[in-house]
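Report on the following structure.
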Amino acid sequence: MVVEDDEHMRALLAGLVRQLGFERLIEVARIDQALGVLESNDVELALIDLCLDEEDGTALIAAIRSHRRTGIPAMPIVAVSATSTLSRVEQAIAAGADAFIAKPFSVASVQRSVTLACVKRQLTKTPKQDVLDTIRLFDRQDSFVDID
């Protein structure tokens with residue numbers, strides 16, 4: 001699921017995530033739409049803009065982490081924002097984001113962030129050495145903000 005109020009940015013992010021193999025991707029512009037999607041769809045991943053037309057994306061991240069539907073709280077979440085100050089990244093982490101993409105972004109940064117978010121969620125189930133090695137690889141990337 002891509003939650004982004006700007007139509008062009010939403011389409012761009014969705015296209016990049018589809019290239020990573022997430023074919024059943026739902027695109028929405030508002031928090032209420034995202035919550036509706038969670039009630040009736042299996043969502044594998046969420047990219048959430050933190051500034052949504054006078055709504056705060058961190059509230060949606062927190063709602064997902066406390067969702068009552070099985071599997072929803074454990075989904076990988078990537079926060080997206082044009083404001084990439086330390087405090088903004090910390091807010092996203094505190095709400096439950098697994099990775100952070102700063103706008104403007106590169107294709108590589110989206111791919112790394114989505115992959116890392118997925119790996120981090122899998123780590124809670126099966127910590128394997130190859131997964132840990134993958135995280136160390138991502139930690140060395142300059143354009144990625146690691147939010148461990």
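Taking the options 40, 113, 84, name whichever one is of a type in the set (S, T, N, Q), modelled with pLDDT of 80 or more and crowded, with 19+ Cβ neighbours inside 10 Å.
113
Each row is one residue, and each column tells you yes or no for (1) buried (at least 18 other Cβ atoms within 10 Å of the Cβ); (2) aromatic (Phe, Trp, Tyr); (3) within 15 Å of residue 118 (Cα to Cα).
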residue: 3; (1), (2), (3): yes, no, no
residue: 20; (1), (2), (3): no, no, yes
residue: 23; (1), (2), (3): no, no, no
residue: 32; (1), (2), (3): no, no, no
residue: 46; (1), (2), (3): yes, no, yes
residue: 61; (1), (2), (3): yes, no, no
residue: 68; (1), (2), (3): no, no, no
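Mind checking which residues of the range 45-71 are in contact with a Lys or Arg (Cβ under 9 Å, 6 or more places away or on another chain) and modelled with pLDDT under 90?
Across the range 45-71, the qualifying residues are 53, 55.
For the range 42-90, which residues satisfy the criterion of being among the basic types (Lys, Arg) and touching a residue at least 12 places away in the same chain (Cβ under 8 Å)?
Once the filter is applied, which keeps residues that are among the basic types (Lys, Arg) and touching a residue at least 12 places away in the same chain (Cβ under 8 Å), the range 42-90 yields 65, 69, 88.
The values are calculated or read from the model by the stated rules, or taken from the named source; none is laboratory data. Not measured: the values here are computed from a predicted model. Every residue, glycine among them, receives a Cβ derived from its backbone with ideal geometry; neighbour counts consider all protein chains shown.
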